[in-house]
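First comes the structure, then the notes that go with it.
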Amino acid sequence: MQHEYQDILVSDISSGVLTITLNRPEAYNALRTQLLSEVAEVLDQAAQNDDVRAVVITGNEKVFAAGADIKEMAALDAVGVLNDPRVLHWRRIAQFSKPLIAAVNGFALGGGCELVMHADIVIAGDNAQFGQPEINLGIIPGAGGTQRLLRTVGKSMAMQLVLSGEFISAAQARDFGLVSEVTIPERSLERATELAHKIATKPPIAVRQAKEVLLKAYETTLDSGLSLERKAFTLLAATEDRNEGIAAFMEKRKPNFTGK
Ligand code: CO8
């Protein structure tokens, strides 16, 4: 069953996994404010709901998302951009504490590519194209693209994408670390969902700690990152799931993690 929103479809929770489908095919899933607020709202709810262990986000077979809604953006002057509520929605998406896995087919451009970079794992169909074509509109990426792209693909490719507006293929995106696996387009959602289901069986506190500590590597020194890792590692020693994981290994049985 799909729960109806205006710009997205949201599945029922199935074995700990929720799927969000961007659903503005007539506008190539352009990320208007309404769409971003719906994604942020669903992620906020998913963060609060213990039944959700991982979220998959996807588009359709032709397009993941073609960027910010250019028609909506055209109406904003500098003050409008300054006060743009989308900034808050992006922040809420970035703060989602559980695993977010993107299944990308077709275009992931501008804000669409930036949304991909908010995901923790990215599976791409071999028809996917990634790009930051904002330069062609006289602007630059505005939802973290300059910072996350450089940290992900390195300086030369980040500069190439942002300055030239050229697109790269799924295979290139994989070579540069933007994507972890490339599949045939018909399989990308299935593979992303498979991974989400696997992660959903893992101890949830350890999963959240792992995500938080890994993401910190983007923005901190090695020394502070290692110190955070040690603290998280110590904290996990106080969880029931750690005792269960170790006991299950010793007793040669499957662990039953409860999130405690
Ligand atoms: N916004 C609005 N509508 C769009 C967008 C978009 N980003 N992309 C496509 N559409 C619409 C088109 O207007 C068209 O609608 P219509 O049929 O009513 O004219 C329909 O989708 C299909 O598009 P095309 O006819 O152009 O389809 P093609 O297959 O020829 O081309 C492309 C597909 C290559 C994806 C092309 O549509 C394109 O280049 N789109 C724009 C890509 C782009 O420039 N993206 C960057 C946008 S700027 C941005 O993302 C900044 C993010 C900053 C966030 C800051 C938050 C605070």
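If you stretched the chain out fully between ASN256 and VAL87, how much longer would it get, using 0.36 nm times the residue separation minus the C-alpha to C-alpha distance?
Gain in length upon complete extension: 56.9 nm.
With +1 on each Lys and Arg Cβ and -1 on each Asp and Glu Cβ, how big is the dipole of the chain about its Cα centre, in debye rounded to the nearest 20?
In debye, rounded to 20, the chain gives about 840.
Give the long-range amide H neighbours of ILE8: residues separated by 5 or more places, or on another chain, with amide H under 5 Å away, using H modelled in the peptide plane at 1.01 Å from N.
ASN23
Extension gain SER164-ILE139, at 0.36 nm per residue separation less the Cα-Cα distance, in nm?
My answer for the length gained is 7.8 nm.
Where does the charge balance sit around GLY125 when Lys and Arg score +1, Asp and Glu -1, over other residues with C-beta under 12 Å from its C-beta?
So the surrounding residues net to -1.
Once you wrap a convex hull around the alpha carbon atoms of the chain, what is its projected area averaged over all directions, in nm²?
For the chain, averaging the hull's shadow over all directions gives 14.9 nm².
Output the Kirkwood hydrodynamic radius of region 138-250, Cα pairs only, in Å rounded to one decimal.
Averaging 1/r across every pair of different Cα atoms and inverting gives 17.2 Å.
With just the Cα atoms defining each centre, how far is region 188-214 from region 134-187? Give it in Å.
Cα centroid to Cα centroid, the span is 24 Å.
Rounded to the nearest 5, what is the percent of antiparallel bridges among the DSSP beta bridges in region 8-200?
25
Note down the nm distance, to one decimal, between modelled labels 7 Å out along Cα→Cβ at THR33 and at SER227.
Reported label-point gap for THR33 and SER227 is 4.1 nm.
So for the pair VAL79, LEU150, with labels modelled 7 Å out along Cα→Cβ, what separation do we get in nm?
The answer from the label model is 3.2 nm.
Check ASN105: other-chain or 5+ apart residues with amide H under 5 Å from its amide H, H built from backbone geometry?
Hits under the 5 Å cutoff: GLY59, PHE64, GLY125.
³J(HN,Hα) across region 197-206 via Karplus (A = 6.51, B = -1.76, C = 1.60, θ = phi - 60°), whole Hz, x for Gly/Pro?
Here the 3J(HN,Hα) series is 5, 4, 5, 5, 8, 8, x, x, 5, 5 Hz.
Working out 0.36 nm times the residue gap between ASP44 and ILE70, then minus their Cα-Cα distance, what length gain in nm do you get to one decimal?
Between ASP44 and ILE70, full extension yields an extra 6.7 nm.
No value in this document is a laboratory result; all are computed from the given coordinates. Bear in mind that the values here come from a model prediction, so they are computed numbers and not experimental data. Note that we place each Cβ from the backbone using ideal geometry, even for glycine, and neighbour counts take in every protein chain shown.
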